[in-house]
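The values are calculated or read from the model by the stated rules, or taken from the named source; none is laboratory data. Fair warning: this is a prediction, and the values are worked out from it, not measured in the lab. Glycine gets a Cβ as well: all are built from the backbone with ideal geometry, and neighbour counts include every protein chain shown.
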Amino acid sequence: MVNRSTVIDDGNTKEQQEQNQPETVTTADTGKDYPQRVKREASWPSVLFYIHLNILGLYGIFIMFTSASFLTILFTLTLTFLGILGATAGAHRLWAHQTYAASTSLRIFLMLCQTLAGQGPIYSWVQAHRLHHQRFREDEDPFYSARSFIAAQVHSQIMSYTPEQQLLLDGVDMSDIEQDKVVMFQKKYYWVLYFFLHVLLPVNAPLEYWGDSIAAATFVAFSLRYLIVLNVCWLINSAHFIWGLDKNFKPSDSNSVFFITKSYWPQYHYLLPNDYQSGEFGDYGSDFTTAMIRVFAALDLATDLRTISSVAVRKGLTNAVETGRPIVECIQEQATEEMNEMPKNHYLNRDRFM
Ligand SMILES: [Zn+2]
């Protein structure tokens, strides 16, 4: 469902182009005007689905506190955790940003976990997230990074893509993902996997294995879990509104402090997304997903963990000032140099490479 009258098309007549003059919208966080050139239409199946999910998920909280068994709650928590891990360690850090390499067994495990997140196939998740990075704080960003937190977290999820966004999505380089047999398998059989893992398993297990009620299985293990996982995973694309650097706030020393201390996650992640330690929820190097990637590495399931030390960042910044070249290019250059000298098991010595 797309609003064709608002498509910016080079083939339009002058009159049509005048009619399509961009209207301006004021952003909630900056108070500045930006042109909104295209409008997205609501995806009504998504709207109805999320209304139902919110109501049923909230009812799940009531069931959880009144009648669900301890085993169902534990099972729900486990599936919730696995779904979030699939989105953060899998879709985001492994497939979207290639911050490390994973063995086939780990990729299969993370693919199954990502299916538990119910956010669509890894392929389309990565495609949208890469476009989000490419068009960060621009109108074409599918996750409204130029607008407000609520727009990014909720509104963007229930809207269809514009034809312009669809074109941009089709243009995203997915060659690395297309060579990954695990991702392509999931893309092909997504709805079968979704039905068995995401719907049947959570609803069936509490009924069949420990005799809990249909209400607990449906509203807690399915609806409430789905509601939590979706909201947490959506934060990956909207957390920059919460943990970002406020334009009006200057860190004590200088604006580059966030680079060296790796605080202000979005400023760091959106400039240097290849660091496996870059947490999705405001942390650096101390979050659960990072710890899990280190465990995978210790088990030889994950290799080539990419990171950047503060020393390399400092050297890169100095080079950028001295040569006038782009900051990111200079830091990446230093990071590559450093990675070549780092021992393979650098992740075991976390303090040294913070
Ligand atoms: Zn990212």
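With the structure loaded, tell me whether residue 164 is surrounded by fewer than 19 Cβ atoms within 10 Å (Cβ to Cβ), of a type in the set (Asp, Glu) and within 16 Å of the ligand (Cβ to nearest atom) or whether it fails that test. Spell out how you get there, then give the answer.
Working: surrounded by fewer than 19 Cβ atoms within 10 Å (Cβ to Cβ): yes; of a type in the set (Asp, Glu): yes; within 16 Å of the ligand (Cβ to nearest atom): no.
It is false that residue 164 is surrounded by fewer than 19 Cβ atoms within 10 Å (Cβ to Cβ), of a type in the set (Asp, Glu) and within 16 Å of the ligand (Cβ to nearest atom).
Screening the candidates 177, 228 for the property of being more than 16 Å from the ligand (Cβ to nearest atom) and of a type in the set (A, V, I, L, M) yields one hit, 228. Once region 280-326 is narrowed to residues that are surrounded by fewer than 17 Cβ atoms within 10 Å (Cβ to Cβ) and among the charged types (D, E, K, R), the residue that is farthest from residue 229 (Cα to Cα) is 322.
On the given criteria, is residue 90 surrounded by fewer than 24 Cβ atoms within 10 Å (Cβ to Cβ) and not polar (S, T, N, Q)? Criteria not met by residue 90.
Checked against (1) assigned by TED's automatic domain parsing to the domain that holds residue 187; (2) over 23 Å from the mean Cα position of the chain (by Cα); (3) exposed (fewer than 15 other Cβ atoms within 10 Å of the Cβ); (4) modelled with pLDDT under 95, residue 74 meets all criteria but (4). If you take the residues of region 271-290 that are among the charged types (D, E, K, R) and within 12 Å of the ligand (Cβ to nearest atom), which of them is modelled with the highest pLDDT? Residue satisfying both the conditions and the ranking: 275. For region 63-88, the set of residues classified as over 19 Å from residue 211 (Cα atoms) and in contact (Cβ under 8 Å) with a residue 40 or more places away in the chain consists of 80, 83, 84, 85, 87, 88, listed by residue number.
Condition check: under 28 Å from residue 197 (Cα atoms), surrounded by fewer than 20 Cβ atoms within 10 Å (Cβ to Cβ) and of a type in the set (Val, Ile, Thr). Does residue 158 satisfy that? Taking the combined requirement at face value, the residue satisfies it. Restricting region 187-202 to residues that are within 14 Å of residue 120 (Cβ to Cβ) and touching a residue at least 40 places away in the same chain (Cβ under 8 Å) leaves a set whose member that is surrounded by the most Cβ atoms within 10 Å (Cβ to Cβ) is 198. Annotation: of all residues in region 93-141 being surrounded by fewer than 19 Cβ atoms within 10 Å (Cβ to Cβ) and within 16 Å of the ligand (Cβ to nearest atom), the one that is farthest from residue 272 (Cα to Cα) is 124. Which condition number does residue 224 fail, the rest of (1) modelled with pLDDT of 95 or more; (2) over 25 Å from the mean Cα position of the chain (by Cα) being met? Unmet condition: (2). In this structure, residue 293 qualifies as of a type in the set (A, V, I, L, M, F, W, C) and either in a strand (DSSP E or B) or modelled with pLDDT of 85 or more (or both).
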